[in-house]
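The numbers here are math on the coordinates, done by the rules we state, and not lab data. Quick caveat: nothing in here was measured; it's all calculated off a predicted structure. Using ideal geometry, Cβ is built from the backbone for each residue, glycine included, and neighbour counts are taken over all protein chains shown.
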Ligand code: ADP
């Protein structure tokens with residue numbers, strides 16, 4: 001479905017040339033869910049934007065759904081792009097339009113009749129589980145619902161490929177899971193090829209068949225997700241594998257804390273980079289004058305910061321808990337009150 005040959009993208013900046021994508025060869029099969037993981041600046045966004053020619057390659061070739069994207073005229077490119085849907089971290093919805101109008105937007109541009117638009121929008125609303133919300137505005141929706149609108153809009157033209165640019169990075173863990181479930185469902189139902197970029201290994205583990213690990217514009221390792229988890233070869237890959245807390249551990253932690261007497265609230269903190277883990281807990285204790293027990297978790301310290309999950313418990317009034325949660329969020333750490 002997708003073949004990249006010797007693809008490179010060089011940006012000329014005032015500080016010199018930046019090789020965002022450096023001579024990559026990659027093949028993605030029809031119906032595959034393919035993940036690309038890497039830290040910030042690795043070149044993931046540029047790579048995915050080369051697939052629909054939002055970036056033109058400096059050299060190399062891009063074939064998607066049987067078309068040589070890099071050779072197409074502007075008009076032909078517009079048609080070819082209809083085979084490629086895209087969803088974004090911050091949804092990119094039109095705020096002045098309703099859910100139904102957002103989803104209909106690509107059909108409107110294509111000149112599809114109003115009746116056909118309506119029919120298709122209804123189908124899509126059902127597919128993404130937004131029944132009854134067609135008349136709502138994006139501001140009235142939760143993050144997960146907004147991404148559902150993004151997905152429906154991306155599927156409006158019945159594409160063969162769906163590109164997901166950090167599509168769950170702005171969502172809490174539970175919502176992330178439900179969006180990932182929806183992507184798997186769509187992949188199965190429609191046979192859609194999905195390419196997603198992320199910095200989160202649990203996203204890769206949950207839904208991808210294969211994964212490529214990117215560093216400095218290059219793919220340093222790629223393979224079946226299970227193989228990569230069992231036998232990561234490169235240091236970079238090992239760091240990403242370490243990010244993921246084993247599910248058994250999570251369950252064990254939950255059982256442990258629910259059994260424990262007099263437990264207050266339990267928060268799950270998910271670190272996705274940044275070097276905040278140790279200072280964060282100390283900061284909370286000092287700032288809010290609370291006792292915190294660290295119940296369970298697995299945090300890996302990498303040169304790029306802390307990654308992984310941590311369960312902590314603390315007691316106090318609702319207001320205190322809300323303040324602590326807000327503070328944690330302000331430190332770019334994901335947090336969920338689970339008890
Ligand atoms: P990632 O998505 O993995 O964070 P990007 O593809 O956004 O990585 O960026 C890869 C490199 O290319 C970075 O060094 C970034 O600063 C640079 N880059 C990306 N887009 C541009 C641009 N439009 N102009 C100049 N440099 C860019």
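Quick one: work out the % antiparallel among DSSP beta bridges in region 2-242, nearest 5.
Taking every DSSP beta bridge with both residues in region 2-242, the antiparallel ones total about 55 percent.
Compute and list, largest first, the equivalent-ellipsoid semi-axes of region 104-175 from the alpha carbon gyration tensor, each √(5λ) rounded to a whole angstrom.
Ellipsoid half-lengths, sorted descending, are 22, 15, 10 Å.
Please list, short to long, the whole-number percent of alpha-carbon pairs of region 7-83 in consecutive 10 angstrom bins beginning at zero.
17, 49, 29, 5, 0
Based on the Cβ-Cβ distance of residue 318 and residue 131, what FRET efficiency does E = 1/(1 + (r/R0)^6) give at R0 = 41 Å, to the nearest 0.05?
0.80
Round to the nearest 0.05 the FRET efficiency obtained for residue 15 and residue 330 when R0 = 41 Å and r is the Cβ-Cβ distance.
Efficiency at R0 = 41 Å is approximately 0.85.
Arranged by the count of other C-beta atoms within 10 angstrom, fewest first, what order do 317, 200, 166 take?
317, 166, 200
Can you give me the pair-distance distribution of region 1-42, C-alpha pairs, 5 Å bins, whole percents?
6, 17, 20, 24, 17, 9, 5, 2, 0
Below 8 Å, C-alpha to C-alpha, sequence gap of six or more: please give me the relative contact order for the chain in percent.
Dividing the mean separation by the residue count of the chain yields 18 percent.
What is the Cα radius of gyration of region 284-339 over 2.2 N^0.38 Å, N being its residue count?
1.18
Got a sec? How would 164, 208 order by Cβ neighbour count within 10 Å, fewest to most?
Ordered by Cβ neighbours within 10 Å, fewest first: 208, 164.
Please compute one quarter of the surface area of the Cα convex hull for the chain and express it in square nanometres.
19.5
What whole-number distance in Å separates the alpha-carbon centres of region 159-181 and region 14-55?
Using only Cα atoms, the two centres lie 18 Å from each other.
How would you order 124-132, 109-117 from highest to lowest mean count of nearby Cβ atoms within 10 Å?
124-132, 109-117
So for each of 84-96, 218-230 I average, over its residues, the number of other beta carbons within 10 Å; can you give me the resulting order with the highest mean first?
For the peptides 84-96, 218-230, the packing ranking is 84-96, 218-230.
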